[in-house]
Amino acid sequence: MRGIQLAMGVVALMMAGCGKVAHQPDLPPPSVQVRAVALEQVRPSAEFVGRTQAFEDVHIQAQVSGQLVQRHFTEGDKVSQGDLLFSLDPESFQAQVNQANAVLAQAEAARDVAVINWERGRRLHPDGVISDTDMDELTSRKLQAEAQVVQAKAGLDAAALQLEYAQVRAPITGRISNAFVSTGDLITPQTQLATLVQSDPFWVTFQASERQMAAARTFTQQNPDQAVRLSDLDVEMRMPDGEMYDQIGFIDFVDNRVDAATGTVNLRAKFTNPDGWVLPGTYVTLVIRPQETEARLLVPQASVQEDQQGRYVMVLGEGNQVNKRMVTLGQRYGVQWAVLEGLKEGETIVVEGLQKIRPGAVVNPVVQEIQPFKQDAQG
């Protein structure tokens, strides 16, 4: 009996102990890094895909027909304006020049005789030695002979020009392609011999949508004091390997119509190419910026979250309580994002530790050390 009472007492003791709740200490608020939103000077930019184009792109063709006897350049080299590129067989053209010289000499001899006869008649006509009709005939022969000399000179000039055309020279300074013909080929004015491109300076052609052009026009109309001409914008170029070209270009052409098929407007930027390394036909990315900087509210991209309602940041409020704030974002600048709506200068946002908190939570804010903003090449 005494054993039963002892067992029941132990059970009661155990049940009483189970009914007590151990005291749990309060957890400290999570530590997060915060920073104040501030205005920073940036240069807004827009990016467009473009294609390089030679300043001059000439198809070299002969102006006469003949057999190609010599090529005078090394394929791929730079040639200067006036350099001899191809020679056609000159014999037939030289023969035409010789014939034209003979015709001219004959015409000049006939003219000299006609002039002598006319001078003699002019002296005799006042004395009545020759009639008016004879004098008119002498004058007509003189004029015809002089006209034949002019005609013969024109024929000689034409023959000399044909002989000159037998030597094909570079019309511009530039880099020449490979030859499309070989020595011994019969060349005609329709035969393409080579191409010659001048790539310093060069152009980059690109397209802007009609919406972008309309937005630029509207901004200019609403902000005449901030209006910027397209030719005043700095145009930078990113090469296919991601490196930025070391020259700054400018927009020198805007087309006068919208392409109905694409809804875009053709534009063109001009760059210098002192080393000649940029070749026509290269696809590049143009980064267009104003020359002056603008003040923009920037937040780190890591501080921005997104849900079904849109993008938002966590803003630090009174008592170190964080609240969700929807924001409208603009352009990216390096690892930061421009805020168009939703934040004000001086407000504090959470930039690190977002996975630890929920809206309404109290946090232990640690001010983040802000590095000076440097706009990268893509910003």
Could you please let me know if ASP246 is exposed (fewer than 12 other Cβ atoms within 10 Å of the Cβ), among the acidic types (Asp, Glu), assigned to a loop (DSSP other than H, G, I, E, B) and modelled with pLDDT under 95?
yes
Looking only at region 324-345, which residues are free of Cβ contacts under 8 Å to residues at least 40 places away in the same chain and not in a strand (DSSP E or B)?
VAL327, VAL335, GLY342
Spot the failing condition for LEU68; the list is (1) within 25 Å of VAL150 (Cα to Cα); (2) under 44 Å from the mean Cα position of the chain (by Cα); (3) of a type in the set (A, V, I, L, M), and only one is missed.
(1)
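If I filter region 346-379 down to residues being outside any loop (DSSP other than H, G, I, E, B) and among the β-branched types (Val, Ile, Thr), which single residue comes out as modelled with the lowest pLDDT? So that I can check it myself, show each step before the final result.
Keep residues of region 346-379 that are outside any loop (DSSP other than H, G, I, E, B), which gives 348-352, 354-356, 362, 364-367.
Next, from what is left, pick out any that are among the β-branched types (Val, Ile, Thr): 348-351, 362, 366-367.
Working: THR348: 91, ILE349: 90, VAL350: 91, VAL351: 90, VAL362: 91, VAL366: 88, VAL367: 85.
Here the residue is VAL367.
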Report yes if some residue within region 128-147 is outside the structural domain of ASP255 (by TED's automatic domain parsing), of a type in the set (A, V, I, L, M) and at pLDDT below 85; otherwise report no.
yes
Quick check on region 273-294: of everything there that is over 11 Å from the mean Cα position of the chain (by Cα) and under 20 Å from ASP232 (Cβ atoms), which residue is surrounded by the most Cβ atoms within 10 Å (Cβ to Cβ)?
ARG289
Taking the condition without any contact (Cβ under 8 Å) to a residue 12 or more places away in the chain and either touching a His at 6+ places or on another chain (Cβ under 9 Å) or outside any strand (DSSP E or B) (or both), does VAL181 pass?
no
Top-ranked residue in region 320-340 [being loosely packed, with under 14 Cβ neighbours inside 10 Å and modelled with pLDDT under 90; ranked as farthest from SER31 (Cα to Cα)]
LEU340
Looking at region 68-76, is at least one residue surrounded by 12 or more Cβ atoms within 10 Å (Cβ to Cβ), over 21 Å from ILE187 (Cα atoms) and modelled with pLDDT under 95?
no
Step by step: first the residues of region 201-239, then only those that are exposed (fewer than 15 other Cβ atoms within 10 Å of the Cβ) and among the small types (Gly, Ala, Ser), then the one that is modelled with the lowest pLDDT. Which residue is that?
ALA227
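The values are calculated or read from the model by the stated rules, or taken from the named source; none is laboratory data. The structure displayed is predicted, hence computed values, not measured ones. Don't worry about glycine lacking a Cβ; one is built from the backbone with ideal geometry, like all the others, and counts go over all protein chains shown.
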